[in-house]
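The values are calculated or read from the model by the stated rules, or taken from the named source; none is laboratory data. Bear in mind that the values here come from a model prediction, so they are computed numbers and not experimental data. Here Cβ is always computed from backbone atoms with ideal geometry, including for glycine, and neighbour counts include all displayed protein chains.
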Amino acid sequence: MSKYPRRIKSYGGKQKVLPIKDKKMLNRVMDYWRYLIEHAPTQKKRDQAYRNYMLFLIGFNTAFRAEDLLQLKVKLVIKGYFSIKENKTKKWQHFKMNKELHQEILDYIAYFELKESDYLFMGQKKHETKGNRTFDVIYPMTRQNCEDIIFPKVINACGIDFPFGLHSLRKTFGYQYIKNGGNMLTLQKMYNHDSLDVTLLYVMWDNSDVAETRASVYIGGRKKYEKSDK
């Protein structure tokens, strides 16, 4: 696993982020987080790696926008389904989650001993005073923290050579969904997009993807024939 210290250029600024199209790269990203969990030098580093692993896992599997993903609370996921009101569109998302994903989430909740009112992805702990009482309040991770600290580490370690950020998780879901034969109208509904054209543009499904898909289709195949002696 010594390959993970690799360093390449990091992307900053306001560039449009892209989905992960290569399944090997997708696996590499998740293996990177598992590696950090298993080889963490301290408990704090292990906890951070586990949190980040779950951020990517849930992001890749739900297609939530960044702000909705970071605001997830235990009570919204613990029963095995999602029911959230999107911050941007004000539309509701209701769906049952994959059983394996649900189990990973339950294991994560148990590991951190989270309460139903807690955020899944914990950020800084701050002291707040109301009246004469002081409380410890744990806020969710911020988008800035993800973009400035977490994602540059993944880019460098995994050799990602394209703009990659928090919104890439949502886009990766859509691209992989289409590539695996998912229904476009269903994906449009998942994204709450107004048209299919918007959805195709969003997940960066282009001519190279069309050509690759077409080349993989072979209908009505035959066996090899030999000349007859007749």
Just for the range 136-151: of the residues that are crowded, with 17+ Cβ neighbours inside 10 Å and in contact (Cβ under 8 Å) with a residue 40 or more places away in the chain, which one is farthest from Gln71 (Cα to Cα)? Ile150
Filtered residues of the range 35-85 (kept if within 15 Å of Met97 (Cβ to Cβ), assigned to a helix (DSSP H, G or I), over 12 Å from the mean Cα position of the chain (by Cα) and touching a residue at least 40 places away in the same chain (Cβ under 8 Å)): Val74, Lys75
Check the range 157-164 and report whether any residue there is of a type outside the set (Lys, Arg), at positive phi and at pLDDT 95 or above. yes
Which residue, of Lys115, Lys88, Lys23, is more than 23 Å from Gly182 (Cβ to Cβ) and among the charged types (D, E, K, R)? Lys115
The range 193-209 - residue that is surrounded by 15 or more Cβ atoms within 10 Å (Cβ to Cβ) and of a type outside the set (Phe, Trp, Tyr) and, of those, nearest to Ile84 (Cα to Cα): His193
Within the range 71-103, track down each residue that is under 21 Å from Arg46 (Cβ atoms) and surrounded by 16 or more Cβ atoms within 10 Å (Cβ to Cβ). Val74
